[in-house]
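Read the structure below first, then the notes.
The values are calculated or read from the model by the stated rules, or taken from the named source; none is laboratory data. Remember, it's a predicted structure, so these values are computed and weren't measured experimentally. FYI the Cβ positions are ideal-geometry reconstructions off the backbone, even for glycines, and counts take in every protein chain you see. Ligands, DNA and RNA are excluded from the accessible area calculation, which covers all protein heavy atoms including side chains. Shrake-Rupley method; radii C 1.70, N 1.55, O 1.52, S 1.80 Å.
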Amino acid sequence: MKLATLNNQTRDGQLVVVSRDLAWYADASRIAPTLQAALDDWERCEPELRSLCDELERETIPRERFHERDALSPLPRAFQWADGSAYVNHVELVRKARNAEMPATFWTEPLMYQGGSDAFLAPRQDIPLGDPAWGCDMEGEVAVITGDAPAGCTEEEAAQSIRLVMLVNDVSLRGLIPGELAKGFGFFQSKPPTAFSPVAVTPDELGDAWDGKKLHLPLMVKYNGEAFGKAECGVDMTFDFPQLVAHLAKTRPLTAGTIVGSGTISNKLDDGPGKSIAEGGVGYSCIAEIRMIETINDGKPSTSFMKVGDSVRVEMRDADNKSIFGAIEQTVVQA
């Protein structure tokens, strides 16, 4: 089942079901007016939404053309957005580039920060940038949306709480991060609004690519129209989604509509730093990573962060080369 939220000029949008080929949609507001409302009443809404999806595929109900440009992020705002750093290779490179030791606990306990969830960017919405010195970067990720999960839940319980899967562009302002972290109180200004894919899908929609814990497909990232990354999401993922969800719920319950991100998708190559696609590697899901590798190899970075006019596209395709979630497609503009 594929779900989306259309922009109907209200804050939380209109819930629709979307055909598997992303060509058509049917209004789902008689079942639930918004995705959050559906998640709040999932036991009742899920079977009704699935039935509506089946009718849409059989073309037995009224339908409209689905245009990704009309979609908001599936949850235009959320009660909670927590982003992990499941690909420890990414963290290791960051620290190596600045000659910092890697604490042993990074391999046994996930890193996670709580992002701003009151206003997400739409998947085709421009990224406003106030100052190029802020170091604007994209971060291609996968995220899950959970139902309710109790505090202290097991990884098995966490896995059962996963309702939907989607893609992420977690915009970061790299130039502001060091100063904020130095204060010892975490990210805030350095993490502006995030964007999610036009469509969120139930795990069963992913077939064998979803094993209940990880998504085993490459994340395709284009930067200014050129292939930039195709990292395999199921490779080098130190902490899987049930582990991330259980970590988040260690001391507090999670409410339906909680979004949990994987962190930047990052692959090693021959047990070392990755390489660009042009060099035979799988590339990168963010600019910071290629800058880290340049620093390690050359003593300084040569790739600049995003500037006004630069664009990014994040997408995932199935074994038949069909888009699963639609594409996040954004351009940086002057704020």
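With springs only between Cα atoms under 10 Å apart, run a GNM on the chain and tell me which of Asp270, Asp40, Asp70 wobbles the most.
Asp270
Test of understanding: in a Gaussian network model of the chain with alpha carbons linked when under 10 Å, which of Thr258, Thr60, Thr34 would top the mean-square fluctuation ranking?
Residue with maximal mean-square fluctuation among Thr258, Thr60, Thr34: Thr60.
Using alpha carbons only, how many angstrom separate the centre of segment 134-170 from the centre of segment 1-80?
19
Take the chain, connect every pair of alpha-carbon atoms lying under 10 Å apart with a spring to form a Gaussian network, then pick out the residue of Gly179, Gly147, Gly212 with the largest mean-square fluctuation.
With Cα springs under 10 Å in the chain, the top fluctuation among Gly179, Gly147, Gly212 is at Gly179.
Grab the DSSP H runs of the chain that are 4 residues or longer, score each as -39,500 (n - 2.57), total them, divide by all residues and round the 222 nm result to the nearest 500 deg cm²/dmol.
Computed mean residue ellipticity for the chain: -5500 deg cm²/dmol.
On a 20 Å Cα-Cα criterion, which of the cross-link pairs Lys191/Lys275; Lys213/Lys250; Lys222/Lys275; Lys191/Lys230 come out too long?
Lys191/Lys275; Lys191/Lys230
Highest first, please rank the peptides 243-252, 303-312 by the mean number of other Cβ atoms sitting within 10 Å of their residues.
243-252, 303-312
Antiparallel as a % of all DSSP beta bridges within the chain, to the nearest 5?
85
If we count GluC sites (Glu not before Pro) as exposed when they sit in a DSSP loop and have at most 11 other beta carbons within 10 Å, what is the longest stretch of the chain that avoids them all? Walk me through the numbers on the way to the answer.
Details: sites that count: Glu59, Glu101, Glu279.
Formally, the longest exposed-site-free interval is 102-278.
Can you give me the % of accessible surface on the chain that is carbon or sulfur? Probe 1.4 Å, all protein chains present, nothing else counted.
Numbers: 7200 of 14920 Å².
Ligands and nucleic acids excluded, carbon and sulfur give 48 percent.
How many Å² of accessible area per residue for the chain, probe 1.4 Å?
The answer is 45 Å² per residue.
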